[in-house]
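Student: Attaching a single structure in structure tokens format; questions to follow.
Read-outs: derived from the displayed coordinates by stated rules, not from any lab. Owing to the predicted nature of the structure, the values given are computational and were not obtained by experimental measurement. When we count neighbours, we look across all protein chains shown, and the Cβ atoms used for this are built from the backbone with ideal geometry, even at glycine.
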Amino acid sequence: MALSPNFHSIFATSQSSSNSASPKLPASHSSLTNLHFPNKTVRGNSYNLSRTSASDEKWRANVSFFPAFLNKGKDAKALKEELLEAIAPLDRGADATLEDQQRVDQIARKLEAVSPTKEPLKSDLLNGKWVLIYTTSKSILQTQRPKFLRSTANYQAINTDTLRAQNMESWPFFNQVTADLTPLNARKVAVKFDSFKIGGLIPIRAPGRARGELEITYLDEELR
């Protein structure tokens, strides 16, 4: 998932301390920027580094129903594993070369084609806290800063019931931003940021131009 039409991002669900189930992995793609949001109690899934399996298998009509069903599920699982392996050594994208970005993009597009959730904004799977595991956004990665001044983790929380979202950075700055979401179609929302928090403490009203879009191009119980 991402925000704005210039960045691609991949998220995994972050595991709630009150739940022993694994988190889910959200993967975002398509030209957009990123948002990281608050969290929810995770049932066991999401798009980020902590992840579980158990992804929904998709079937397609074919000459033989069962082989088509099994092959499709296998393809999605294999593509997710390939995607996670590709981004694992890239430090959320900060160490990615152009070749790395192209490879991740190719795999992500293949995975999007077998997304089991056709209308992600209507799915409860989207709600909750997600961890950013890959992005092409330089502003989020803060690659212009020394490593010790970059956030060690970025989170995004989404609530489709209230149409609210929140992005959060971890150490060393703990900055936050909240936003209103306006559905544009079954998988895209307009994003209007309304407030920022510096260091997680000092609230600042967002300027009117602080807007973007978030498009969910893939969603299952483990990846977004």
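Student: Treat each spin label as a single point 7 Å out from the Cα along the C-beta direction, and report the A94 to D194 distance in nm.
Tutor: 3.2 nm
Student: Could you tell me which of rounded, prolate or oblate describes the stretch 106-224, using a ≥ b ≥ c as the square roots of the eigenvalues of the alpha-carbon gyration tensor, with rounded for a/c under 1.5 and, failing that, prolate when a/b is larger than b/c and oblate otherwise?
Tutor: oblate
Student: While we're on this one: What FRET efficiency do you get for A186 and A78 if R0 is 30 Å and r is their Cβ-Cβ distance, rounded to the nearest 0.05?
Tutor: Given R0 = 30 Å and the Cβ-Cβ separation, E is 0.65.
Student: Using a 7 Å offset from the Cα along the Cα-to-Cβ direction at both L149 and E119, what is the distance between the two label points in nm, to one decimal?
Tutor: A separation of 4.8 nm, rounded to one decimal place.
Student: If you don't mind, there's one more thing I want to ask. At 7 Å along Cα-to-Cβ for each site, give me the label-to-label distance between Q106 and R164 in nm.
Tutor: Each label point lies 7 Å from its Cα, and together they span 4.3 nm.
Student: Then there's this: How much length would be gained if the chain were fully extended between R205 and F174, taking 0.36 nm per residue of separation minus their Cα-Cα distance, in nm to one decimal?
Tutor: 9.5 nm
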